[in-house]
Amino acid sequence: MSNKPTGELYVISAASGTGKTSLIAALLERCPQLALSVSDTTRPARRGEIDGQHYHFIDAEDFRQGIAQQRYLEHAEVYGNYYGTSRERVEQAWASGRDVLLEIDVQGAEQVRQAFPDAALIFILPPSMATLEARLKGRGLDEPAVVQRRLDEARGEIAACEQFDWLLINDDFDRAVDDLEAVIAAWPLRRRRGIGHARCLLDAETNPITIKD
């Protein structure tokens with residue numbers, strides 16, 4: 001990946017059931033400059049999932065070759081299946097003038113931070129563990145044992161959220177989307193982005209350009 005990307009990189013992580021996917025969909029409607037990077041995975045497509053829209057579904061051998069060739073900005077193995085973010089797709093989005101949004105887990109977020117320190121890491125918190133449990137049960141998608149496993153995983157993910165730059169609480173959906181939009185607007189204005197410009201201004205004062213007749 002280039003050391004001088006032409007766009008921003010935003011990472012959004014959250015425990016299962018926090019409402020992350022719905023928040024991202026609403027955010028993308030408000031921020032057309034954002035491009036959501038669709039991850040590769042080796043798991044089979046579920047009913048209703050579309051290749052290239054929900055995931056890029058590839059076989060395990062292709063994925064392992066991608067790891068060996070460093071084609072992934074981040075990757076992880078979860079319950080025997082691989083998931084990863086293609087470096088090439090991120091760079092293509094930057095080249096087209098878009099900022100890039102990644103929807104990945106805490107493990108992947110840490111890998112992105114190592115590879116790209118200027119990425120904005122955003123973690124979405126539920127209002128309470130009781131609310132999270134109610135949401136997971138209310139979906140009706142998982143057996144009780146799976147719900148409990150997801151709750152146990154959520155506690156570990158929430159414990160790791162301090163590594164993120166922004167912690168937003170999804171207790172009110174519209175307000176949470178407003179908060180996400182505010183982060184997208186504020187991040188490019190952060191201090192370290194302005195330091196380079198300030199130094200250029202000072203250099204210009206120290207070494208003024210003279211125009212010859």
### Task
Among what's in the stretch 59-73 and is under 17 Å from residue 88 (Cβ atoms) and not in a helix (DSSP H, G or I), pick the residue that is nearest to the chain's Cα centre (by Cα).
73
### Message
Looking at the stretch 113-130 only, could you name the residues that are touching a residue at least 12 places away in the same chain (Cβ under 8 Å) and over 22 Å from the mean Cα position of the chain (by Cα)?
### Response
129
### Query
Of all residues in the stretch 92-107, how many are over 19 Å from residue 187 (Cβ atoms), touching a residue at least 24 places away in the same chain (Cβ under 8 Å) and assigned to a helix (DSSP H, G or I)?
3
### Task
Within the stretch 1-18, track down each residue that is surrounded by fewer than 19 Cβ atoms within 10 Å (Cβ to Cβ) and over 18 Å from residue 71 (Cβ atoms).
4, 6
### Message
What pairs come out if I take residues in the stretch 157-185 that are in a helix (DSSP H, G or I) and charged (D, E, K, R) and pair them with residues that are surrounded by fewer than 19 Cβ atoms within 10 Å (Cβ to Cβ) and at pLDDT below 95 whose C-beta lies under 6 Å away, six or more apart or interchain?
### Response
none
### Summary
Within the stretch 44-76, of all residues that are basic (Lys, Arg) and at pLDDT below 95, the one surrounded by the most Cβ atoms within 10 Å (Cβ to Cβ) is 46
## Note on the structure
Among (1) under 30 Å from residue 188 (Cβ atoms); (2) of a type in the set (Val, Ile, Thr); (3) buried (at least 19 other Cβ atoms within 10 Å of the Cβ), residue 21 falls short only on (3)
### Query
Among (1) in contact with a helix residue (DSSP H, G or I) (Cβ under 6 Å, 6 or more places away or on another chain); (2) touching a residue at least 40 places away in the same chain (Cβ under 8 Å); (3) not polar (S, T, N, Q), where does residue 110 come up short?
(1)
### Query
Which members of the stretch 166-187 meet the condition of being more than 18 Å from residue 17 (Cα to Cα) and aliphatic (A, V, I, L, M)?
182, 183, 184, 185, 186
### Summary
Scanning the stretch 79-134 residue by residue, those crowded, with 21+ Cβ neighbours inside 10 Å and in contact with a Pro (Cβ under 6 Å, 6 or more places away or on another chain) turn out to be 132
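The values are calculated or read from the model by the stated rules, or taken from the named source; none is laboratory data. Since the structure is predicted, the reported quantities are computational estimates derived from the model, not experimental observations. Methodologically, a virtual Cβ is constructed for each residue, glycine included, from the backbone with ideal geometry; neighbour enumeration extends over all protein chains shown.
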